[in-house]
1. Semi-axes of the equivalent ellipsoid for the chain, please: Cα gyration tensor eigenvalues, times 5, square-rooted, ordered largest first, whole Å.
2. Identify, among 1, 64, 23, the residue whose Cα sits farthest towards the positive end of the charge dipole of the chain, taking +1 on the Cβ of Lys and Arg and -1 on the Cβ of Asp and Glu, with the dipole about the Cα centre.
3. Over the chain, what percent of the accessible surface lies on carbon and sulfur atoms, probe 1.4 Å?
4. To the nearest 10 Å², what's residue 64's accessible area with a 1.4 Å probe?
5. As I understand it, the value is the acute angle between the Cα axis of helix 2-11 and the longest principal axis of the Cα atoms of the chain; what does it come to in degrees, rounded to 10?
6. Can you tell me the accessible area per residue over the chain, all protein chains present, probe 1.4 angstrom, in square angstrom?
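The values are calculated or read from the model by the stated rules, or taken from the named source; none is laboratory data. All values derive from a computational prediction rather than experimental measurement. Cβ coordinates were reconstructed from backbone atoms using ideal geometry, including for glycine residues, and neighbour counts include every protein chain displayed. Ligands, DNA and RNA are excluded from the accessible area calculation, which covers all protein heavy atoms including side chains. Shrake-Rupley method; radii C 1.70, N 1.55, O 1.52, S 1.80 Å.
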Amino acid sequence: MKTIGFWAAVILPLWDIPLMLRVVQRKSSQDISMVWAVGIWTTAVLMAPSAFISGDKISIGFNIMNVIMLTGVLIVVIIYRKGKV
């Protein structure tokens, strides 16, 4: 079960990829709240140290992937904020 949990934790954040692709295809992130993007990224970054301290591989794997993917989302949202890229 721990192996399944680990892989699920690593794969779950990959669902951010379709969101980033949609923004790039539309060349606009106007339908995504900047408050949401910054807020979700900030909370993920603030939660990460707790996961690293816990030593739980599932939590660590999830947090690493989540921070990486949400950083990508935040960057894409900021780049395409004005819809002029």
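1. On the way: eigenvalues 154, 40, 10 Å².
Computed over the chain, the values are 28, 14, 7 Å.
2. Projecting each Cα onto the dipole axis, the largest value belongs to 23.
3. Values: 4160 of 5600 Å².
Of all accessible area on the chain, carbon and sulfur atoms account for 74 percent.
4. Near enough 80 Å² of accessible area.
5. That helix lies at roughly 10 degrees to the long axis.
6. 66
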